[in-house]
1. If you take every DSSP beta bridge whose two residues both sit in the protein assembly as shown, what share of them, in percent to the nearest 5, is antiparallel?
2. How many angstrom separate the Cα center of segment A:179-212 from the Cα center of segment B:9-41?
3. Rounded to the nearest 500, what is chain A's calculated 222 nm mean residue ellipticity when only DSSP H runs of at least 4 contribute -39500 (n - 2.57) each, over all residues?
4. When the chain is fully extended, how far beyond the present Cα-Cα distance does B:Arg185 get from B:Arg85, taking 0.36 nm per residue of separation?
5. What is segment A:105-150 by shape, rounded, prolate or oblate, if you read a ≥ b ≥ c off the alpha carbon gyration tensor as root eigenvalues and call it rounded for a/c under 1.5, prolate for a/b larger than b/c, and oblate otherwise?
6. Which whole number gives the average count of other chain Cβ atoms within 10 Å of the Cβ atoms across peptide A:75-83?
7. With no solvent and one point per C-alpha, what does the Debye sum give as log10 I(q)/I(0) for segment B:86-396 at q = 0.07, 0.12 Å⁻¹?
8. Can you tell me the length gained on complete extension of the stretch A:Leu114 to A:Phe15, counting 0.36 nm per residue apart and subtracting the Cα distance?
Amino acid sequence: MSNNLLVVRDLSMRFGGLLAVDQMALTVDERQIVSLIGPNGAGKTTVFNCISGFYRPTSGEVIFQGKAMHRLPDYKIARHGMVRTFQNIRLFREMTVLENLLIAQHMQAERNLLKGMFNTSGYRKKEDELADRAAYWLERVGLLEHANRESAYLSYGQQRRLEIARCMVTQPRLLMLDEPAAGLNPRETAELDELIVELKDQQGVAVLLIEHDMKLVMGISDQIVVVNQGAHLASGTPDEIRNNPDVIKAYLGEE
Amino acid sequence: MANIKSAFFSALLTLFLGVSVMGLQLESAGIKLGVQVADSHTFWYLGLAALLVFGVQLFRDKLPRLRSDPEKRFEWPEVFKGEQRQRMWMALVIILMLMFPFVSSRGWIDIATLVLIYVMLGLGLNIVVGLAGLLDLGYVGFYAVGAYSYALLHQYLGFSFWEALPLAGGMAALFGFLLGFPVLRLRGDYLAIVTLGFGEIIRLMLNNLTELTGGPNGIGGIPKPTFFGLELSRRVDEGWGTLHEFFGFSYSPVHKVIYLYLLAFLLVLLTLYVIRRFIRMPIGRSWEALREDDIACRSLGLSPTWVKLSAFTLGASFAGFAGSFFAARQGFISPNSFAFIESAIILAIVVLGGMGSQLGVILAAIAMILLPELAREFNEYRMLLFGLMMVVMMVWRPQGLLPMKRPQRRLDTTRLASASTGEASNVK
Ligand SMILES: Nc1ncnc2c1ncn2[C@@H]1O[C@H](COP(=O)(O)OP(=O)(O)OP(=O)(O)O)[C@@H](O)[C@H]1O
Ligand SMILES: [Mg+2]
């Protein structure tokens, strides 16, 4: 299976007495949108944290593009091309929208201190490239006119889109979105829906999505993975999931 | 009247502290120590002070609020706005600063030189505390490393100031790097405590490595910087000779002082330029990003380890430069010059200036060094004044004199159209 971008096997995460993630498994293929759904507290964010290296999983493996990620520190995992957003938005709030995107491109920047110190033409060209890429993505997410505003002053929906743009300027292979539609109004959600599909079709990134908005999830997902109490409950296409009796029970049982 | 109780206790506390500090004095009578009660005037003043505290505390709600509005941003008057105008002002200030020693007295030049040293220290620490947000209480350690580097390089290897200066900066940077490692995982209070310890360890080491550093006796006879090999003293036995002989003017000891001042000014200008560039470079952006949100930094592939280490290392190097200049100026250094209080003063300069702001640091350094010098008569109350200043500042402007206005990189909207269409055609 060569087109498996991300493979997660037997992933478990224990916090003291709580087994927050229990033997989870999931795969994401190239150019695929995979959604991770489940009731509140099911362990979705914890799975994200384990995959992206913010938590060291108690056991299990995370293979990205054929390479083991589960022993690497978080920032190295991000450099491999797997970047994430956060459920409770983490922007550099006192910095402008543009600067948020410049920082994200740190690894692509000209970091030679002497070149920067003397402001060489090579350095300026590199910085302009970063700004251009930032401008391009701001345009894509509809924030171009806000480029020079402090990101703290953006509306909630704009902040969410900025966070996605900030991931995209790093030119990732896999984009991991933790509840990107939370707090958005229906119009913004529809725009987000469109954006995610575009990212897949035009940029060729794969998307791993945590989302509670079932309309969004059912509409765009190629695969859905259902988690319940930390464990894998079911996976399949949206249609299969919709008709899966276990899933229905888990969701209705919660109410 | 909830205030009555607090007012009463505040007044009582004032009285208690006042009486114990000022009302009673230890005096040695022969070989014995006796307690001397101050004269009645002092007690009248103390009573008055207590009454004042009582009154202020009682009516604290009705007093006008001292605090400046934190939301209100400092705006430059119109004449300071615009890049060109700012450049002109800067040029004017530089010219004035260059002229200053020729129209001033020796004492003032000396004080100005001291201020400049602290400006350099403040700017360096500002990288660590103001930009990267790492509370470093041991910064004086790197100052000491710089000073001792020059002193020792001179003593054992005969290095001149100019040869030792880059090495002193490098040594301080190396110490910053090495000491940065163990504290990487710490943050906030823990970081502050450990760096405080490091500063003290460096001082104690200098104190106790008696063979190498001369211990508490310090190192003397450190030569002043030369002017392209020419010395600024009355006569020399070797080397290139003296400046006044070379250029054929009569010797004056003030020349040396002026030269040191100009040198310090040059170093400060250099520091300002370098840090100004840093702030606009990827490295400076990453420092500020780390201060704002280290988790977001990690999620974007920035290694917090390297960001912190770079801040520690580069910040320390400026202390190293300042230290070697300090050693050259004093001609004598001992571990006493590098006590914790120095770290506290430098940190106070950064906080007072408004974390991260370069101009703020300069103003604060002037205030912090100049005020005690002006108030020499009150020398015994120096620390008291220092404390008072801090309290007033924290009440009046907790954000500092000139809170940092970030030099924001702006998106040039004229380039935008071409940029976005250009990239779009690349994609697919
Ligand atoms: N750092 C932690 N320490 C201890 N327990 C944790 C930690 N992080 C998560 N948990 C627990 O793990 C469980 C799963 O939490 P998680 O945040 O992954 O759920 P979730 O599926 O993302 O829920 P939601 O839909 O509300 O975001 C919860 O019971 C939570 O309390
Ligand atoms: Mg969650």
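The numbers here are math on the coordinates, done by the rules we state, and not lab data. Since the model is a prediction, treat every value here as computed from it, not as a measurement. Glycine also receives a Cβ, built like all others from the backbone with ideal geometry; neighbour counts cover every protein chain displayed.
1. 60
2. Computed from Cα coordinates, the inter-centre distance equals 73 Å.
3. Per the formula, -10500 deg cm²/dmol.
4. 31.5 nm
5. The shape class here is prolate.
6. The shielding value for this peptide is 4.
7. After summing over all Cα pairs, the log10 values are -0.28, -0.83.
8. 31.0 nm
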